[in-house]
Amino acid sequence: MDTEPPNPGGMPLDDPRTITMLVTEHIALQGLRAATITDSSGRATLYLASISGMLVALSLLGSATRLGQSFIITALVVTPTLIFLGLATYLRVLQSALEDAFYTLGINRLRHLYLQLQPGFRPYFVQSDRDNNWGVLAEKGSARSNSWQILLTTAGSVGVINSVLIASYTAGILLGLHSAPPLVLVICSLIFVASNTLHFSHQQRAWSGFSQQHSRLFPSDDPTVDNVQTDQASPK
């Protein structure tokens, strides 16, 4: 059973001032959502542009020095910097995703109140008015999901790229030490899998903590949808 909305200050819910406050809050939350999407898009773009620039620079340097000492030193210095940028980008876009989910939760609660004021308008509301995980996903245009949806998020994609960089950097060091290529391939594959697993489990814990931190006032009528993972479906 849904919890009845509070009536702050004793002001009737159909009072024009109340409606103005609700609409103002709704617009503010939409603006905050847009800000998180913009921030994540900008950070991801900067990260990918940095990687592209590094690859081009290393290609030119490698051609000029015939993969000499200057090339090796530059690669060993630049790659850790990119790995740091990748980890920082991953953490920030994940934070932005959690912030966006929080603002989405607030919008869904407001929509629930709108429908309590005018139940007959329900057929005209295409978005969810529930504040559980499924409701947040529905607001983002996603259907029911599972934990593998994490890999399709911006943070998940950045995590995979980070893992590739870490494994590639390790391969460069091992090859510089004249290790056997088959051994390098095995070691770097294990490092890639381990890094991906760490990124994946970290996201799972973050979303699980978000779900436990924010109580559900208006959960879905279907209790089987409360355990899905949520993240921004937009390009964050």
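The values are calculated or read from the model by the stated rules, or taken from the named source; none is laboratory data. As the structure is a prediction and not an experimental result, all values here were calculated from the model. Cβ atoms come from the backbone with ideal geometry, glycine included; neighbour counts cover every protein chain shown.
Go through segment 80-106 and count every residue that is farther than 17 Å from Leu46 by Cβ and of a type outside the set (A, V, I, L, M).
Residues flagged as farther than 17 Å from Leu46 by Cβ and of a type outside the set (A, V, I, L, M) within segment 80-106 amount to 7.
Phe210: at pLDDT 70 or above, under 16 Å from Thr104 (Cα atoms) and not in a helix (DSSP H, G or I), yes or no?
No; evaluated as a whole, the condition is false for this residue.
What is the one condition in (1) more than 30 Å from Ala206 (Cα to Cα); (2) outside any helix (DSSP H, G or I) that Val126 does not satisfy?
Among (1) more than 30 Å from Ala206 (Cα to Cα); (2) outside any helix (DSSP H, G or I), the lone unmet condition for Val126 is (1).
Here are Ala101, Ala75, Ala138, Ala64: which of them is over 30 Å from Leu217 (Cβ atoms), surrounded by 13 or more Cβ atoms within 10 Å (Cβ to Cβ) and either of a type outside the set (Gly, Ala, Ser) or at pLDDT below 90 (or both)?
Ala75
May I ask you to verify whether Arg205 is under 30 Å from Leu110 (Cα atoms), assigned to a helix (DSSP H, G or I) and of a type in the set (Lys, Arg)?
yes
Filter segment 167-203 down to the residues that are loosely packed, with under 13 Cβ neighbours inside 10 Å and polar (S, T, N, Q) and list them by number.
Ser189, Thr197, Ser201
Can you find even one residue in segment 165-185 that is in contact with a Pro (Cβ under 8 Å, 6 or more places away or on another chain) and modelled with pLDDT of 90 or more?
Checked segment 165-185: at least one residue is in contact with a Pro (Cβ under 8 Å, 6 or more places away or on another chain) and modelled with pLDDT of 90 or more.
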